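The values are calculated or read from the model by the stated rules, or taken from the named source; none is laboratory data. Since the structure is predicted, the reported quantities are computational estimates derived from the model, not experimental observations. A quick note on method: Cβ atoms are made from the backbone with ideal geometry, for glycine too, and the neighbour counts reach across all protein chains shown. Heads up: the accessible areas ignore ligands, DNA and RNA and are worked out on the full protein's heavy atoms, side chains in. Shrake-Rupley method; radii C 1.70, N 1.55, O 1.52, S 1.80 Å.
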Amino acid sequence: MRYLDLLTALFATVLLVSNVASTKLVVLGPFTFDGGTLLFPLAYIFGDVLTEVYGYRRSRRVIWIGFFALLLATLTFQMVAALPAPPDAESQRFGEAFGLLFGLTPRIVLGSLLAYFLGEFANAYVLAKLKVRTEGRFFWLRALASTLVGQGLDTGVFLLVAFYGVFPSEVLLAVFLSNYAFKLGVEALMLPFTYAVVGFLKRAEGMDAYDRDTDFNPFHLT
């Protein structure tokens, strides 16, 4: 497995960069979303590649590595934001800016972690099950179907946990639809690239895992 460590590092990097970029809202054509949405769909593409080539068991370990990396980054940002800055004006100014960007509320932290956990494991589970059911055919359909479920859970859970009762329901629905449509669109546009990466890795690693007898419990790491 020459490339598994590289894929794991890239997966964790995408998560951490997306988490930082999500502190700014951006407008792109008809879509309004947090900046992390520009990169975060790649996490699901990596998830598809990992599960398709290496199987659910190894994908599960990578998801947990990403979870703990995200948890560590989030807790570090919270701790740094809570600590006082030196009394000089420049340090105070930078301290306030840091607090505004990274001093997230507990609801947003909980929503982000819970959404990641549910979405990524749902994505891996659906892809692995469909691969066995289709005998390895129709990767494009399996990738889209798993993303449909995973991204739906990820986006919906995050918005409900982080912002339910803060914004009107119609605003949350509009944000959900905007984010969901954009993420699915990225997945569809990236399919040729995903196909190429999957094909390369299967040849290079000599692997094409099928999860016929796999324990799908997300808390079992063996």
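Couplings 3J(HN,Hα) for segment 164-171, derived from phi with the Karplus relation 6.51 cos²θ - 1.76 cosθ + 1.60 (θ = phi - 60°), are 5, x, 8, 10, x, 4, 5, 5 Hz, where x marks Gly and Pro.
Largest mean-square fluctuation among SER112, SER178, SER91, in a Gaussian network model of the chain whose springs join Cα atoms under 10 Å apart, belongs to SER91. Taking the 1.4 Å solvent-accessible surface of segment 1-203 as the whole, the part contributed by carbon and sulfur is 74%.
For the chain, the longest principal axis of the C-alpha atoms and the axis of helix 41-54 are separated by about 30°. Computed from label points 7 Å out along Cα-Cβ, the spacing between LEU173 and VAL80 is 4.0 nm.
Taking Cα atoms, how many degrees apart are the long axis of helix 89-102 and the longest axis of the chain, rounded to 10 and kept between 0 and 90? Around 40 degrees separate the two axes.
If we count every other residue with Cβ under 10 angstrom of LEU4's Cβ, Lys/Arg +1 and Asp/Glu -1, where does the sum land?
Details: positive: ARG2, ARG58, ARG61; negative: ASP5, GLU205.
Cβ neighbours under 10 Å give a net charge of +1.
Amide H to amide H distances under 5 Å link PHE167 with no residue, where only residues 5 or more positions off or on other chains count and H is placed in the peptide plane.
Would you look at the GNM of the chain, springs on alpha carbons closer than 10 Å, and say which of ASP34, ASP211, ASP88 moves the most? Evaluated over the chain, the most mobile residue of the options is ASP88. Could you work out the local net charge near GLY136, counting Lys and Arg as +1, Asp and Glu as -1, over the other residues with Cβ closer than 13 Å to its Cβ? For residues surrounding GLY136, the net value is +3. Take the chain with all the other protein chains still there, run a 1.4 Å probe, and you get 53 Å² of accessible area per residue. Computed from Cα atoms, the angle from the helix 139-163 axis to the main principal axis of the chain rounds to 20 degrees.
Residues whose amide H lies under 5 Å from that of ASP34, counting only those 5 or more places away or on a different chain, are VAL26; hydrogens are built 1.01 Å from N in the peptide plane.
Rounded to the nearest Hz, the phi-derived 3J(HN,Hα) couplings of segment 23-37 under the Karplus curve 6.51 cos²θ - 1.76 cosθ + 1.60 (θ = phi - 60°) are 6, 10, 7, 10, 10, 9, x, x, 9, 10, 7, 6, x, x, 5, where x marks glycine and proline. Tell me the label only: which of (i) 33, 20, 16; (ii) 31, 22, 19; (iii) 23, 22, 16 is semi-axes √(5λ) of the Cα gyration tensor in Å as calculated from this structure? This structure yields the entry labelled (i).
What's the tally of Lys pairs in the chain whose alpha-carbon atoms lie under 23 angstrom apart, where the two lysines are 8 or more places apart or on different chains?
Details: LYS24/LYS183; LYS129/LYS183; LYS129/LYS202; LYS131/LYS183; LYS131/LYS202.
Lysine pairs meeting both conditions in the chain amount to 5.
Segment 141-170 and segment 53-79 have Cα centres lying 19 Å from one another.
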